1. Run down 287, 313, 243 and say which single residue is in contact with a Ser or Thr (Cβ under 7 Å, 6 or more places away or on another chain) and either in a helix (DSSP H, G or I) or open to solvent by less than 10 Å² (accessible area, probe 1.4 Å) (or both).
2. For a quick check of your reading of the model, give me the residue pairs whose first member lies in region 340-359 and is in contact (Cβ under 8 Å) with a residue 60 or more places away in the chain, whose second is among the basic types (Lys, Arg) and in a loop (DSSP other than H, G, I, E, B), with beta-carbon atoms closer than 6 Å and at least 6 apart or on different chains.
3. Identify all residues within region 366-420 that are of a type in the set (Gly, Ala, Ser) and under 30 Å from residue 618 (Cβ atoms); write none if there are none.
4. Can you tell me how many residues within region 360-399 are open to solvent by 10 Å² or more (accessible area, probe 1.4 Å) and outside any loop (DSSP other than H, G, I, E, B)?
5. Name the single residue, out of those in region 246-268 being touching a strand residue (DSSP E or B) at 6+ places or on another chain (Cβ under 8 Å) and in a loop (DSSP other than H, G, I, E, B), that is nearest to residue 182 (Cα to Cα).
6. Does residue 561 fit the bill of being assigned to a loop (DSSP other than H, G, I, E, B), open to solvent by 40 Å² or more (accessible area, probe 1.4 Å), among the aliphatic types (A, V, I, L, M) and at pLDDT below 95?
7. Out of all the residues in region 405-425, is one or more buried (at least 21 other Cβ atoms within 10 Å of the Cβ) and within 15 Å of residue 642 (Cα to Cα)?
8. Scanning region 9-36 for residues that are within 28 Å of residue 80 (Cβ to Cβ) and in a strand (DSSP E or B), which turns out least open to solvent (accessible area, probe 1.4 Å)?
Amino acid sequence: MAYEKLFSPLKIRGVELRNRVVLPAMMTKMTTNEHEGIVSDKLVDYHAAIAKGGCGLNITEVMAVHPSTHGYAYCALYEEKHEAGVKKMIDAVHANGGKMCVQLWHGGRTVNAMLALLGDEYKGGKRQAIMQETVNDIPVSLLDEIVEAFGVAAQRAVRLGADVLEYHTAHMYLGHTFMSRVWNQRTDEYGGSLENRARFVRRVIQEIRKNMPEDMPLFMRIDVHDDFVGELGLTTEEVAQVLTWVHEDGVDVADVSRGNGCTPALRYEVPTMDTPNGFNLPDVKALKALLPPTMKVMAVGRINTGALAEKALEDGICDLVAMGRAQIADHDFVNKHKEGREDEIRRCIACNKGCFDAVMDKRMPHMMCTRNLKVGRLDRPVRKVDASEAKTVLIAGGGLAGLTAAQLLKTRGHNPILCEAKGELGGQMNLAKALPYKYEWVNMINWEIENTKKAGVDIRLNTPVTAELVAEIKPDHVIVATGAHAPAPVLEGADAAKVCTYEDILSGKVAPAGNVVVIGATQYGCEATQACLEKGIKPVVLEAGPMMAMDAGWLRGFNLMVNIPMAGVKCVTSCTVTGVTASEISYKAVNRDKTEVTDTIPYDLVILGNKPVANPFADVEAKCGELGIPCHIVGDAKQVESVLWAANQAADVALDVI
């Protein structure tokens, strides 16, 4: 495919972009420490690699313009100490043929609300004047100070060499909360009519424009409309009017996003696999039709293939395309498209484990990626060995962790032997085949399998790694990546023939029918529920905890707990099973109003959603100890976590240990 539109240049004022692909702002947690806001060398390397990979325009993650919005690990540009790192990042992007946009931002109370959820350790003693006021309480004097801070930050960015500036006023950040009646009930000149509610945003734009060259483009990120907030939310027509005003004030490009952090609309701000590709394009199209023809539009929202981006541009929906996680998953995403190497692209699977959950997880140092193990670690050496140094490495398990280790070891020059007990590779990833929306996961594991074969790895199917096999091969190292499995389906009092595991459902071993009850709304129980829905069956879901899918991560769990009830499934949380017979289940539950309810329901099938347990490997570990062979346990075999952990642990062993 030629991708003529996608790879055509675009000139905005005095700046020409080499193509229409944009890396949007995404928090990486790659600052020098948690509270200073200084760009680190890791962040410099990250942007440089994506520019080298062919991206037309890199946008920095949010740059706090004022101490009141500076939270944990956010970048900042309000003091002189912030300048050197930003300049180094801009210079690195330029050195690799790209252009750099600095995103200027004030998060209002949103950033502090999120930090409060994460705990006190995220707040840090060096933050000044934490923004505690709502949009209704902020005094005009502080607004004046913040507006001025945007101008000062703009001056800094221009001086440091930025090509483009962007003002972020979406996602319930400060400007958004001024524009929307949901949050703005002020009675002064900043409240009431749309013109008044847009006053703060227009003041910011005017201040930024005043402090940047005339030939320098200015973008503004804005939500296409409000979601899940009722009739007071911003409409597309109101957003179009605001954009028309700010276009007059000097904004050249509308960066059109969607979502907020306090309702189910979070699913649109950072979409997971549950949200369709290009979900925002129809709304972007409707908005663009209302804008002045001289205003450019950038589309955002799960646009992660060249074909989808090209179609959006061809159809006139947008002029630029934000492709964020596609370029996290493969920093060479753009060049591989241009060079006809699309089959080599590591595709995003929208798991959100590395690009969101890891950023929010204090155990993780920075943004990571299940598909791209170099994210944040571009300086990590891949040391090649010659034949005299090559080790024979026996790998038990052909799932994601085993495949990852095998490919990396083979790349380095070692001799991996990949053994899989079953007749096919893929491990638990094969369960994704039961859910059509997880097609990207199926494609991913098939890609990994194909690349392992292309690499020439010795693959042995129907070959469990046993103590006897270890003794026979006598490898230099053993990697145990045998994964996990669903616990045995035991439910006291039930008809055993009517009880199965989530794995039985997802693998197709058991076909759901009749009255189905799912006990345990883990992510596994939830996916089994969705597999039932694919068959036209609506189970009743019983969960002991206060929420469903609490083990699935922030955004994935959020989607599961919203999508399943929206599909018409009865979901009972804070629930205790009080009795089980051969045909009925009794339970009691506590409602949100603290009242207790009881019920007895019939069942033809019970699906247990219990968290998986590691497959046994003690005999292999013991034999390795006996023979003095180093044995490395990775992935779910070590601790049941996520695909991110599995892939990265396998890489750690393959690159750093062996």
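1. Working: 313 fails: in contact with a Ser or Thr (Cβ under 7 Å, 6 or more places away or on another chain); 243 fails: in contact with a Ser or Thr (Cβ under 7 Å, 6 or more places away or on another chain).
Answer to the check: 287.
2. Here the result reads 346/371; 359/29, each pair linking region 340-359 to a residue that is among the basic types (Lys, Arg) and in a loop (DSSP other than H, G, I, E, B).
3. If the condition is that a residue be of a type in the set (Gly, Ala, Ser) and under 30 Å from residue 618 (Cβ atoms), then 390, 396, 397, 398, 399, 401, 402, 405, 406 are the ones that fit.
4. Looking only at that region, the number is 2.
5. Here the answer is 260.
6. On the way: assigned to a loop (DSSP other than H, G, I, E, B): no; open to solvent by 40 Å² or more (accessible area, probe 1.4 Å): yes; among the aliphatic types (A, V, I, L, M): yes; at pLDDT below 95: yes.
The answer is no for residue 561.
7. no
8. Across region 9-36, the extreme among qualifying residues is 23.
The values are calculated or read from the model by the stated rules, or taken from the named source; none is laboratory data. This structure is a prediction, so every number in the text was calculated from the model and none was measured. Methodologically, a virtual Cβ is constructed for each residue, glycine included, from the backbone with ideal geometry; neighbour enumeration extends over all protein chains shown. In case anyone asks, the SASA skips ligands and DNA or RNA and just uses the protein heavy atoms, side chains included. Shrake-Rupley method; radii C 1.70, N 1.55, O 1.52, S 1.80 Å.
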